[in-house]
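The values are calculated or read from the model by the stated rules, or taken from the named source; none is laboratory data. No experiment lies behind these values; they were computed from the predicted model shown. Don't worry about glycine lacking a Cβ; one is built from the backbone with ideal geometry, like all the others, and counts go over all protein chains shown. Ligands, DNA and RNA are excluded from the accessible area calculation, which covers all protein heavy atoms including side chains. Shrake-Rupley method; radii C 1.70, N 1.55, O 1.52, S 1.80 Å.
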Amino acid sequence: MDFKKFKAATVQTSPVFLNVEKTIAKAITFIKEASTNGAQLIAFPEVFVAGYPYWNWIMTPVQGSKWYEELYKNSVAATDDAMHPLFKAAKDLNIHIVIGINERGDSYGEIYNTNLIIDNNGNLIGKHRKLVPTWAEKLTWTSGDGSSLKVYNTEIGPIGTLACGENTNTLARFTLLSQGELIHIANYISLPVAPPDYDMAEAIKIRAAAHSFEGKLFTIVSCSTISQEIKDTLLEDVPNVDELLTRKNSAFSGFIGPNGAVIGTPLIDEEGMVYADIDLAKCIQPKQMHDILGHYNRFDIFDLRVNTAPTRKITFIDNHEEFNKR
């Protein structure tokens, strides 16, 4: 059996707000740098293409309405022409990419918080739609369904992903673990509007460590930052936007090993990219102690059922019988 070893990169930065083409170009700059440094996998933040609806937290729904319209205009289908440079970069640079997008639905009121999984041949091998938008996010995103709760086998190993608060959902996480996940991408946005006593960076680390320790796997965390450009864009509607969207310990990006410990030095609030060497053989020894997918579980007692059928908006039924005419 071939236990994969590879270098991974994770990015902590802001998108070019509400600009798909420039954000894709920014992503490719990081991809090229990561590939030059030997990385075979790179992770980007939640809805990196092309921005997070911060207005849901700092404006009334009525004030935020025009910003929803802007976000919809800058949402993408996974296979839009604007996305092709990203697929080409993955192929040309022989690197796997996991990146968050605002995915445009069929209806104008339908946007999904989606993570794309792109392999090193430039193929879109999977996408995961956030199952439950968190709190104020429900003003923007439609819920995903169980059909995207999957793990994808790649040349570097089995990859799964969840967005932000989903990494708190025990059943969603177990569903990925049960499919053999060994590389988990957990991506986030910086959220300075959290309660005063809430350390967002620490909370992100705790969630990542919990998943890694329970599943005995590697978790790669990528979190966005809030640029001055984002704050300046929203300034016309929120005069105190700098105060509302500026706070320490709002972003954490880095790596967690199968023992639940941080690998290397993570990025906290600072923009940049960090690397780690991943050796999937290191998942074996911890599983001897607690393998919740095997000897350390009781599936005769516990029975988790997951509906993986895509949501159907409508079913057309035609019961009319057409008789032969003479």
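Brief remarks follow.
- In sequence order, calculated HN-Hα J values of the stretch 69-79 (Karplus, 6.51, -1.76, 1.60; Hz; x Gly/Pro): 4, 5, 5, 4, 5, 10, 8, 9, 7, 4, 10
- Over all projection directions, the Cα-based convex hull of the chain averages an area of 22.3 nm².
- Annotation: amide H-H contacts under 5 Å for S14 (H modelled 1.01 Å from N, sequence separation of 5 or more, or interchain): T225.
- Where Rh is the Kirkwood radius over Cα pairs, Rg/Rh for the stretch 144-232: 1.02
- P(r) weight above 15 Å for the stretch 188-233, C-alpha pairs, percent: 55 percent
- Excluding the site residues themselves, the longest part of the chain lacking any chymotrypsin sites (Phe, Trp or Tyr not before Pro) in a DSSP loop with at most 14 other Cβ atoms within 10 Å is 4-107.
- Probe 1.4 Å, accessible area per residue of the stretch 212-326, Å²: 68 Å²
- Based on the Kirkwood approach, the hydrodynamic radius assigned to the stretch 136-178 is 11.8 Å, with every pair of different Cα atoms included.
- Residues with amide H under 5 Å from that of G126, placed H, sequence gap 5 or more: I117
- Convex hull (Cα only) mean projected area of the stretch 250-326, reported in nm² to one decimal: 13.7 nm²
- Between F3, F44, F30, the Cα set farthest toward the positive side of the dipole of the stretch 3-54 (charges on each charged residue's Cβ, about the Cα centre) is that of F3.
- Along its first, second and third principal axes, ordered by size, the stretch 24-130 spans 47, 26, 21 Å in Cα coordinates.
- Globularity ratio of the stretch 248-292, using Cα Rg and 2.2 N^0.38 Å: 1.43
- Of K130/K313; K5/K216; K26/K231; K66/K231; K66/K313; K130/K150, those spanning more than 21 Å from alpha-carbon to alpha-carbon: K66/K313
- Fraction of accessible area attributable to carbon and sulfur, the chain (%, probe 1.4 Å): 53 percent
- Diffusion coefficient (Stokes-Einstein, Kirkwood radius over C-alpha pairs, 4 °C, 1.567 mPa s) for the stretch 3-61: 100 µm²/s, rounded to a whole number.
- For the set K216, K282, K4, solvent exposure ranked by accessible area (probe 1.4 Å, protein chains only) runs largest to smallest as K282, K4, K216.
- When its C-alpha radius of gyration is set against 2.2 N^0.38 Å (N residues), the stretch 186-326 gives a value of 1.66.
- The stretch 67-141: GluC sites (Glu not before Pro) in DSSP coil with no more than 14 other Cβ atoms inside 10 Å: E110
- The shape of the stretch 109-180 comes out oblate: with a ≥ b ≥ c from the C-alpha gyration tensor, a/c is at least 1.5 while a/b does not beat b/c.
- Dividing the mean sequence gap of close Cα pairs (under 8 Å, 6+ apart) by how many residues the chain holds gives a relative contact order of 20 percent.
- Low-density loop positions, GluC sites (Glu not before Pro), the stretch 226-326 - DSSP coil, at most 16 other Cβ in 10 Å: E236, E270, E271, E321, E322
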